[in-house]
Every structure is written in C-alpha cells, then in structure tokens.
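Input: a single structure, listed below in structure tokens.
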Amino acid sequence: MKTSRFKYSLLLLLFSPFIASATGPSISGVEEPVAEHCEQSEINAITDPKERFIFAFKCGQGLFSARFNALDGGGANVGDGNMFTGVPRADLNGPGEWANHIPTRRNGPDGEACVLCHAEPTTGSGANALNIVLDVTNSADLSLFFTRNTTSLLGGGAIQLLAEEMTQDLLKIRDAARSKACAIRSRVRANLVTKGVSFGSIDVACNPSQDISRIEGVDDDLIIRPFGWKGIQASMRDFNQGATHNDIGMQPEETIGANVDGDFDGVVRELFVGDMTGLAVYQTAQARPVTRLELADLGLLEELGFDPLVPGQRESIERGEHAFNVIGCNSCHTPKMILENTVFTEPSQFETHRDDIFPSGETALSLGVDPNNPVTFDLANDIIDNRFIVNGQEVALGNLEVDSHNRGIVRLFSDLKRHDMGPGLAESVDDEGIPASVFLTKELWGVSSTGPYLSNGAAGTLSEAIIAHGGEATIPRNKFLLLSSSLQADIVEFLDNLLLVQVTPE
Ligand code: HEC
Ligand code: HEC
C-alpha cells in the first residue's frame, strides 16, 4: 500500500513540465496562509512531559479547526479548474489532475477543514450533508461509488490503546504456540482470545508458511486496526495521513516527502511531521463519551443543555441494557473492556501501531518521531476537556474511569472485530481487500449523539439501524423484532443514554 518516495519523485519528474495548479498560491504576499504549524523539533525540545503534551494538543487543536486556504495548500488540482469535489473524478486524468495525484485519491478533497465534517460536537460525527463519496478503485464508474458517514473521534485514545494491547496478546499467543510447535515438531492449535473476544484460532507450525489459519475478524498479521468503518487503520496518525490528503487536500510531508507536491496545487510541505504528531495527540486525547445517567447523578444534565430525566427513564434504560445483553447484541457490541495501561504515547510503544518507516520512505527516527522520546499523557488523568465543578470539587469527566487496580474501564460497546453484516449493508465494492459486506463492530459509546447511523448514514433512527443488521447479526436482530414494543423502546432508551459531551476550556 505504501509507495516509496523514489516512485513519487519519479512520477513528479515526469509530470512537472505540464503542471499548472488550478488557482495556485500566486496571491502570496497579499494574503496569508492560516495554518499555525509546529515542527517536531519544537515538540521534542519541551522536556516537561505535561508541557509537551499540552503544546502538541494545542497544535493539533488549531490544525483540526483551521480552514486551510490555497496558500496553505488546502484543496488540490482536481482538474477543470476545481480545487474541491464531493464527487471522485478519476475521469480527470490529465497531468496533475485528480487521477494522477500521489498518493492515489479515494475521494475529495471535499472541504477545507476537519472540523466542518467532524462537527457535532467539535471532533464528533456529522450529518448526511457531510458524507464522503468514495471511488476506492478509481473506476469513474458511478455504480462502484459508495457513501460514508462521518464518525466521532471522542475517546479515540482508548480505542487505539485497546487495539495495541489486544494485538500484543494475540501475537504472544501465536508466538507461544510457535515455540511449542517447534519443540514438539507438530502443529499446535492456538485459540486467539483477548479481552474476552475470540478471533478464531490458528494451527501453528514451526515454519510459519505452514500455519493453517482459522482467524476471524482480524487480518492474518493479527494487528487489530480499530479505525474507520471497515477497521483498516491501526493508529490515529495512520488514519490522519489519509484524511488530510483525501478529505481536505493537505498533504503531510511524512506521506510524500518534503518538497514534493503530490496534489499539484503548487504548495509543498503542506503539513509538517510535527503537525501530524499534534493532530494525533489532539484526537487521541479527546474526552471519552458519557451517559445521561452519569450526568444526572452529577447534576450536570440540564447545565449541559440536555432534558432532565423523566420518571421511569432510569428504569427503562436499565431494562434496555439487560435486554440488549439477553438478545445477544453484546456478542459484538462488547459493553466493557479493561485497559491494562492507560498511558498513551505518540508514537506508540508497539511497532504494530506506529510507522517506523513513513510512507515517504523516510525513517520516523530521522524525522524526530521517536518511541523512546514520545508525547505522553494518561487517559485516566490528563484529559483537558469536560472538567466540571460539582459541589466545589473538580470532576474530570473526560478521563477514563479506572477500576481498583487502576486499570482503565472502556465502555466502548465494540469488540474491535470485523463482521459480515450481510448483503443489505454491503457497499458496492471491497475496500483494501476487506469484503464489501464486512465492517468493524461500530462502537456505540456516544451513539445518542452520532446520528444518522450506519456507514452510509442511511438510518435516521436507532431502530432503523438495528433492523438493518443482517449477516452475522441476523439472530440478535430477529430477536429484537420479536420483543414487545415496550422492550424495544427500552433498548432504544438504553442506546439514547450514551452521549457525547465536549466542553473545552478557554
Ligand atoms: C468531508 C467530510 C470529512 C472531513 C473534511 C474530514 N473527515 Fe474524518 N471522517 C469522515 C468520514 C466520512 C469518516 C469515516 C470514513 C471511513 O470510515 O472510511 C471519517 C473518519 C475519520 C477518522 C476515523 C475515526 C474512527 O474512530 O474510526 C479520523 C481519525 C478522521 N476522520 C480524522 C479526520 C481529520 C484529521 C480530518 C482533517 C484533516 C478529517 N477527518 C476531515 C469525514 C470527514
Ligand atoms: C455481528 C456483530 C453485531 C451484532 C450481533 C450487533 N451489531 Fe450492531 N453493529 C455492528 C456493525 C458491524 C455495525 C456497523 C454496520 C454498518 O455500518 O454497516 C453496527 C451498527 C450498529 C448501530 C449503528 C451505530 C452507528 O453509529 O451507526 C447500532 C445502533 C447497533 N449496531 C445496535 C445493535 C443492537 C441493538 C444489536 C442487537 C439487536 C446489535 N447492534 C447487534 C455489529 C453488530
């Protein structure tokens, strides 16, 4: 998937005599770019861990909401004089145009800022008007296009850390089986279970090429990739490398190399390595989602603009939670997972969830991105948003809850596993080798605030989303349909309990 820098440079050399960007940055000196960049060296120069975290967070916060203009390199040379397009244009394949951008486009550029789509609240999800249309095979064939609805980024750090720990568990299971297989000179079956979730099994031989895979819901390399509807990206930074380029036309230098203009808009170094660190830190340090009951117990529900609980609502939520588990929704939407270590580092401590070699071909270390000298923060202590004063005491609601062993409690309602959801939910074409009907279990924390629902935004209500389930979810979905309407309403009430709140201090 990752193309080397050499290849990019070669292509650019080929195209460079023909390129004229759509509008180009010719007004330089009259008007200014808006980006406030940060260099990785500036981040690394801050020795106090807390100060370094806050610096990186603020850098990412500014970039996430910046409306980049042509001088920043926002947008791209789509062709036909356009800098933005909601419709993928693989038909525009002249020099420097849509079909020849580097890396290959999937969509867009759709707009000028991340925050315009991740709008409800600031890093949350988006309405159907903000959907992305993708042409992942660059077919220019409308029947192969499909639509995706914007997802929320709240609690993103916990999602990545869960994926990191689960991956290490699965790799350990496989490695232990490998040692045993070599010792006893025979295949050993290993059940791939982590945090209560089964990813099938594998018959491990001493020689890896002779393994017999019965792996389910994860790639054969056993790396849990928890981001995107399909679960394609392992880390927030990895997702952002695609989002910056595809969605807003801001190309990270770590993707294409410094001084390379892969979207032919006349601007290079659109996003610095430090910018990408800042964005990843900002997004992984987002507050975790909350619940209506939690806010009610703290007396915060009305203060935050939500309706007060009505009589019987708490009981309905509790009945709904019970029914959700009884009919088997919890077999994918795992209500709670435990995180052994709540400290997030950017880059990750695990090579499975960081780039040691960036897509540009450069090593992360040579660009100052060093796992031994990372940006560090604790998801259970350091979250900046959602700090409220209740009875004279600060309640840091953005922090992860912890158990008596100080382990993180993540009420994600996902198993971070991919499932076949049946033909009704299938997209028009496979994506990165993942079959069209297969999706990562959508996390349900915050779901009351993230409508419309499903990957294509087709479900306006929670019950529509539930009824649209098929494939591996057919039995729980049919059980839902057989419940009394009052129990169905309880399940919806339970889901409606799960909220996003985002209050950022000045
Ligand atoms: C035009 C609308 C749009 C814009 C602009 C946009 N996004 Fe997104 N974002 C989406 C959609 C749609 C998805 C779901 C995509 C998918 O799963 O394929 C998404 C998903 C994500 C995810 C994955 C979240 C998860 O938990 O799975 C991340 C991270 C993300 N976007 C970051 C960004 C960043 C950073 C920017 C700005 C550089 C940005 N997005 C700009 C629409 C947008
Ligand atoms: C086999 C695994 C599985 C089971 C069982 C399952 N779901 Fe899902 N659920 C998913 C996946 C995967 C998605 C995303 C599907 C898509 O977008 O096409 C999803 C999406 C959802 C959504 C929409 C979330 C959003 O943000 O768009 C809701 C609500 C939901 N499920 C509730 C339920 C309920 C209630 C049950 C029990 C009746 C249930 N699910 C059973 C896997 C499952």
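Here are some notes:
- Equivalent-ellipsoid semi-axes for region 421-506 (Cα gyration tensor, √(5λ), whole Å, largest first): 24, 21, 9.
- Rounded to the nearest whole angstrom, the semi-axes of the ellipsoid equivalent to the chain, taken from the Cα gyration tensor as √(5λ), stand at 36, 28, 25, largest first.
- Phi angles across region 376-383 convert, under the Karplus curve 6.51 cos²θ - 1.76 cosθ + 1.60 with θ = phi - 60°, into 3J(HN,Hα) values of 10, 8, 9, 5, 9, 9, 9, 5 Hz, Gly and Pro given as x.
- Cα-based values for region 125-266, radius of gyration first and Dmax second, are 19.7, 61 Å.
- Kirkwood radius and radius of gyration were both taken over the C-alpha atoms of region 343-469, and their ratio Rg/Rh is 1.06.
- Accessible-area value, CYS114, 1.4 Å probe, nucleic acids and ligands omitted, Å²: 30 Å²
- Here the accessible area is traced with a 1.4 Å probe on the protein chains. For region 140-260, carbon and sulfur cover 50 percent of it.
- Average accessible area per residue (Å²) across region 360-422 - probe 1.4 Å, nucleic acids and ligands excluded: 42 Å²
- Angle between the chain longest axis and helix 49-65 axis [Cα atoms, degrees, rounded to 10]: 70 degrees
- Tensor-based shape of region 95-149 (alpha-carbon gyration tensor, a/c under 1.5 rounded, otherwise prolate or oblate): oblate
- In sequence order, calculated HN-Hα J values of region 220-230 (Karplus, 6.51, -1.76, 1.60; Hz; x Gly/Pro): 4, 7, 6, 8, 6, 10, x, 10, x, 4, 9
- Solvent-accessible area, 1.4 Å probe, carbon plus sulfur percent, for region 277-410: 48 percent
- Across the cross-link table entries LYS180/LYS442; LYS230/LYS479; LYS336/LYS479; LYS195/LYS479; LYS172/LYS336; LYS180/LYS230, which are compared at the Cα atoms, the separations over 31 Å belong to LYS180/LYS442; LYS180/LYS230.
- Per residue, the chain reaches -8500 deg cm²/dmol at 222 nm when only DSSP H runs of four or more residues are counted, each adding -39500 (n - 2.57).
- For region 474-482, Karplus couplings with θ = phi - 60° (6.51, -1.76, 1.60), whole Hz, Gly/Pro x: 4, 5, x, 5, 5, 5, 4, 5, 7
- Volume in Å³ per residue [convex hull over Cα atoms, computed for region 197-351]: 207 Å³
- Entry for region 77-188 at q = 0.10, 0.17, 0.18 Å⁻¹: log10 I(q)/I(0) = -0.52, -0.87, -0.92, Debye formula applied to identical alpha-carbon scatterers, no solvent contribution.
- C-alpha long axis of helix 273-284 to longest principal axis of the chain, angle in °: 20 degrees
- Heavy-atom accessible area per residue - region 438-506, 1.4 Å, Å²: 42 Å²
- Placing +1 on the Cβ of every Lys and Arg and -1 on the Cβ of every Asp and Glu, with nothing else charged, gives the chain a dipole about its Cα centre of roughly 1660 debye.
- Across region 49-117, counting alpha-carbon atoms alone, Rg and Dmax equal 15.3, 49 Å.
- Solvent exposure of region 134-206 as accessible area per residue, Å², 1.4 Å probe: 40 Å²
- Region 338-449, dipole about Cα centre (Lys/Arg Cβ +1, Asp/Glu Cβ -1), debye to the nearest 20: 420 debye
- Region 280-431 shape via C-alpha gyration tensor axes, a/c threshold 1.5: oblate
- Of the residues THR150, ALA181, ALA140, the one whose Cα sits farthest towards the positive end of the charge dipole of region 100-186 is ALA181 (charges of +1 on Lys and Arg Cβ, -1 on Asp and Glu Cβ, taken about the Cα centre).
- Once the Cα atoms are used to define both axes, helix 313-326 deviates from the longest principal axis of the chain by about 80 degrees.
The values are calculated or read from the model by the stated rules, or taken from the named source; none is laboratory data. Fair warning: this is a prediction, and the values are worked out from it, not measured in the lab. Note that each Cβ is placed from the backbone with ideal geometry, even for glycine, and that neighbours are counted across all protein chains shown. Just the protein is used for accessible areas: all its heavy atoms, side chains included, with ligands, DNA and RNA removed. Shrake-Rupley method; radii C 1.70, N 1.55, O 1.52, S 1.80 Å.
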